[in-house]
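These notes concern the structure reproduced below.
Each reported figure results from applying straightforward, stated rules to the coordinates on display, with no laboratory input. Predicted, not measured: the structure shown is a model, and the values here were computed from it. Neighbour counts are summed over all protein chains in view; Cβ atoms, including those assigned to glycine, are modelled from backbone coordinates with ideal geometry.
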Amino acid sequence: MKLKPNFLLREVAGENIVVPVDAAAINFNGIMSLNGTGKFLWNQLKEETTIDELIESLVESYDVDESIAKRDVSLFIEKLRSHDILDNDERQ
Amino acid sequence: MADTYRIGNINLSFEYVFDKYFLSRIMDYKADVFPEYRMRVVIRDNLVVPEGKIRYRFDDRTIIEYGTRAAIVKRDDKGMITHLITYSPDYKDITIELVKALGSRLPDIEYMITGMMFFEMAVSRGLLPIHASAIGHDGEAILFSGPSGAGKSTQAELWQQNLEDVIFINDDKPLLYETEVGLYVTGSPWSGKTSRNKNVTMKVKAIIFIEKSTVNHLEALSVHDKINFFLRNIYRPREEAKIDNVLELVEKMIRDLPVYRYFCGKDIEAFEYLYQALYRRDY
């Protein structure tokens, strides 16, 4: 899976905000902000990757238990799905 | 014949077709200036789409790049082209072609599309349209912002009814911009359903995000909430190149301006409560 093009991550007043552009800007309702781990996962998803790889990289970089990483990644992916931001989603 | 206007910091040559909206809204901006920007509206029997590369599509619109210009093409549900907007990437030269078959809807569509293109022009000049009713009082501006139906104009009207000197700067999309001495707001002829707008510039005193309530209550906002409210209510450009300018201005507003959320009713008490909170005195 991978982020769809046309979504930018920008820092505004210390917060990480997802900003849609071009066609994505028309149908995107609401604002999405990310915490530190969210930003980390977002950057991983700029290139094609899998849920397992995301969990692995989170465990390595943040020194957290696999169970916690699993939960965080799954919450994050759900958030992206709800905004229809993913391409090649492995669920489908 | 095109007339010239000065709107904010934009010197515009503007040629519109229908008086319905513009007659009561645009005269205040007429100025004998050398136009750096040009926008004209033409009504035609048939519209011809320029040949070029499709940048993207959404719903019934297609964005095409051709030569040094871009085009927005809109079709109706039968596939007939109803609008063709061609423009230079810097928005300095815009032609809006509308098909004659739109009939009685032409004036409304002309007003809407010229507004949409003007806002893009404004953003490229550092003016940020915000969905708000902006009033002037005592030399300063107060902006009531929020979603449609929240009661922005109602609050603005309450101020006008209860104070002598209140003017409407713009009842729908005032333009915010930054100077070395603070944030300012200015009017434009595109003021939504009402013609309440004025060619005037004032320093912003406060931005109030309105929410209907039976009890009046003014609340300070967290940075997170401010970002949310601003991003929901400002005009967001679709192009990546302009996003950063807009976000920079949003950051400055968050840092420098009093921004509140106001739960309020629609009677005189809603005015009195806010006046007292902003000016620290009874009116």
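Tabulated data
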| read-out | value |
| --- | --- |
| Choice from B:Tyr260, B:Tyr177, B:Tyr56 with maximal GNM fluctuation in chain B (Cα, 10 Å cutoff) | B:Tyr56 |
| Simple label model, 7 Å out from Cα along Cβ direction - A:Glu66 to B:Ala101, nm | 6.3 |
| Simple label model, 7 Å out from Cα along Cβ direction - B:Glu272 to B:Asn162, nm | 0.7 |
| Helix B:152-162 vs. chain B, principal-axis angle (Cα, 0 to 90°, nearest 10) | 50 |
| Considering only region B:139-283, percent of DSSP beta bridges that pair antiparallel, nearest 5 | 50 |
| The protein assembly as shown: Rg to Rh, with Rh as the Kirkwood radius over Cα pairs | 1.01 |
| Residues with amide H under 5 Å from that of B:Val166, placed H, sequence gap 5 or more | none |
| Extension reserve of the B:Asp138-B:Asp90 stretch, reckoned as 0.36 nm per residue once the Cα distance is removed | 13.6 nm |
| Computed Kirkwood radius, in angstrom, where 1/r is averaged over Cα pairs of region B:1-139 | 16.2 |
| B:Asp76-B:Val200 pseudo-label distance in nm [points 7 Å out on the Cα-to-Cβ vector] | 4.2 |
| Stretchable slack from B:Asp28 to B:Met116, in nm (0.36 nm times residue separation minus alpha-carbon distance) | 29.7 nm |
| Sequence-separation-based contact order of chain B, relative, with Cα cut under 8 Å and 6+ spacing, percent | 15 |
| Chain B: angle of helix B:240-256 to the longest principal axis, Cα-based, in degrees nearest 10 | 10 |
| Helix A:51-62 vs. chain A, principal-axis angle (Cα, 0 to 90°, nearest 10) | 70 |
| Amide H partners (placed H, <5 Å) of B:Ile7, local residues excluded | B:Leu12 |
